[in-house]
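Following: one structure in structure tokens, then a few remarks.
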There are 2 protein chains.
Amino acid sequence: MKFIDKLLIAGKKNKSLLCVGLDPDPQRLPIKDVLDFNKQIIDATADLVCAYKPNLAFYEAMGVKGMQILKKTVAHMPREIPVIGDAKRGDIGNTAAAYAKALFDYYKFDAVTVNPYLGYDSIEPFLNYKTRGVFILCRTSNKSAVDFQDTVDNFGMKFYESVALKAGEWNNHDNIGLVVGATYPDELKAIREMCPRMPLLIPGIGAQGGDLELTVKYGIDANKEKAVIVAARQVLYASKDQDFAQAARRAAMELRDSINRIRGL
Amino acid sequence: MKFIDKLLIAGKKNKSLLCVGLDPDPQRLPIKDVLDFNKQIIDATADLVCAYKPNLAFYEAMGVKGMQILKKTVAHMPREIPVIGDAKRGDIGNTAAAYAKALFDYYKFDAVTVNPYLGYDSIEPFLNYKTRGVFILCRTSNKSAVDFQDTVDNFGMKFYESVALKAGEWNNHDNIGLVVGATYPDELKAIREMCPRMPLLIPGIGAQGGDLELTVKYGIDANKEKAVIVAARQVLYASKDQDFAQAARRAAMELRDSINRIRGL
């Protein structure tokens, strides 16, 4: 099954555009065992999400042990829920192929995030996995996104718009999506208009301060789908106590339902 | 000791601008044990290089076991030789901090490569490790580098030139370098002129076809230093047989000496 179909089916089944970011910070966890924490979060929210998104940085920071936790976390996922490996990799051809092998063959992610700075041949090895999804960084959620992504070229086009345009050209296998930060609603609106059929992965609500109403309104496609709205800290750390899984469930349900109200479901 | 000093001291001691890229591909190795292969390559070349550069992709492709090999490979390095973790990471602030922790605290790299697409706050957590080096991707060696890096902005400046310029502005701790591909000598020349004192990490000779003479000529600074010229496949796979370590030594020595002849040493 293609990634986009798996995403849409999970989203329909769970009536959800919510993606939980599994970014465990050992300093903030209510229990010591990170894998057990992840499993409890997954078990408590699996009927409320359209996807999960572990960011590899948090696992790499735990060293080799962290990579074991990551692999076991992905293995614990319910089969029908797509898992997006947020890796933001970008390297030259043969090296990109090694990263694709790691992320798709070893960790078994359904989709990944990649960085466009090195151009097409750095993304092609990922695209060649036709049943997997590839979210290209377009307009990121951080403050310094403006440093380069807003640079206007001599055709009057902003850099992130060029990336969105190229992504459309490269989408021969219909497996490309874009990463767009919720913290920049105008840019999100512009990108959705440029790419009406692409899935958008949208981090930046919650801790980062993105407006949920505008995020949903501008992020969804004509069918009120294909926006993958990420919440991490807001769900993971909803409670600092032993009831963290139930609290995460409540936070996830609230978010899912708010998103659905906004999209008129 | 600051990274740049460690780099210069190693380069002077070994009379070398050569950096061996430790990118083991299990399919191409003459022996089965990847760690043993790395150790033999290091032992055979440690007096001929100014640095080593493992690219994380090749270790990640081997899964958790690969990350153990990476950690043990770094631990095996002679103390006086700087090790550059070629990771090309780029993520938002708190996530970038987790990557910096992984690369600097856990794997103990002396320097890393990072991607500029997300702007300053994605690089700052790395820069805050003042004694470590941070090589920012500027003009990469691959064919598709032109896709975005050559885009001309409305001030007439190419994107990679903006990156070089910003890198200069951000260099408060004097720990920034740039990655520039040997396959684009004109761009290398332009970047060296813009950044006369920055170390340049230059992959792309050998298998990728970059011209050694122009690379050295345009890459070095006024003191004929601060060019870190990378060779990987050319050294690692100099022989497919059991004499691979001696063959790697011969290939590394030849390259080092060619570089020195060109820079007039």
When each copy gets a label point 7 Å from Cα toward the beta-carbon at B:ASP33, what are the spacings between them in nm, shortest first?
3.5
Rounded to 0.05, the calculated FRET efficiency for the beta carbons of B:ALA207 and A:LEU212 at R₀ = 41 Å is 0.25
Out of all DSSP beta bridges with both ends in the protein assembly as shown, state the antiparallel percent to the nearest 5.
5
Just grab the label-to-label distance for B:ASN154 and A:ASN260, each label 7 Å out from Cα along the Cβ direction, in nm (one decimal).
4.4
Nearby aspartates and glutamates by direct alpha-carbon distance to B:LYS217 (threshold 19 angstrom, same-chain neighbours under 8 apart not counted):
B:ASP186, B:GLU187, B:GLU193, B:GLU225, B:GLU254, B:ASP257
Karplus (6.51, -1.76, 1.60) ³J(HN,Hα), θ = phi - 60°, over region A:191-205, in Hz, Gly and Pro reported as x
5, 4, 5, 6, 10, x, 10, 8, x, 10, 9, 10, x, x, 7
For region A:3-262, percent of DSSP beta bridges that are antiparallel (nearest 5) comes out at 5
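In chain A, what is the volume of the convex hull around the alpha carbon atoms, normalised per residue and reported in Å³?
116
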So if I take the centroid of the Cα atoms in region B:12-63 and the same for region A:217-239, what is the distance between those two points in Å?
43
Share antiparallel - DSSP beta bridges, region A:80-185, percent rounded to 5
10
Whole-number percent relative contact order across chain B, with pairs defined as alpha carbons under 8 Å at least 6 apart
21
Using a 7 Å offset from the Cα along the Cα-to-Cβ direction at both B:ASP33 and B:ASN172, what is the distance between the two label points in nm, to one decimal?
4.8
If you average the C-alpha positions of region A:159-205 and of region B:104-162 separately, how far apart do those two centres end up, in angstrom?
22
At 7 Å out from Cα toward Cβ: B:GLU124 inter-copy label distances (nm, ascending)
3.8
Paramagnetic label zone (point 7 Å from Cα along Cα-to-C-beta, A:ASP43; backbone N under 19 Å) in region A:237-254
A:237-253
For region A:1-140, what's the relative contact order in percent, using C-alpha pairs closer than 8 Å and at least 6 residues apart?
24
Just to confirm the numbers: B:GLN68, label point 7 angstrom along the Cα-Cβ line, distances to the other copies in nm, shortest first?
0.8
In nm, to one decimal, how far is the modelled label at A:LYS143 from the one at A:ASP121, with both set 7 Å along Cα→Cβ?
3.8
Taking N as the number of residues in region A:1-157, what is its Cα Rg relative to 2.2 N^0.38 Å?
1.10
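Values in this text are rule-based calculations from the coordinates and carry no lab data. Treat the numbers as computed from the prediction; the structure is a model and nothing was measured. A quick note on method: Cβ atoms are made from the backbone with ideal geometry, for glycine too, and the neighbour counts reach across all protein chains shown.
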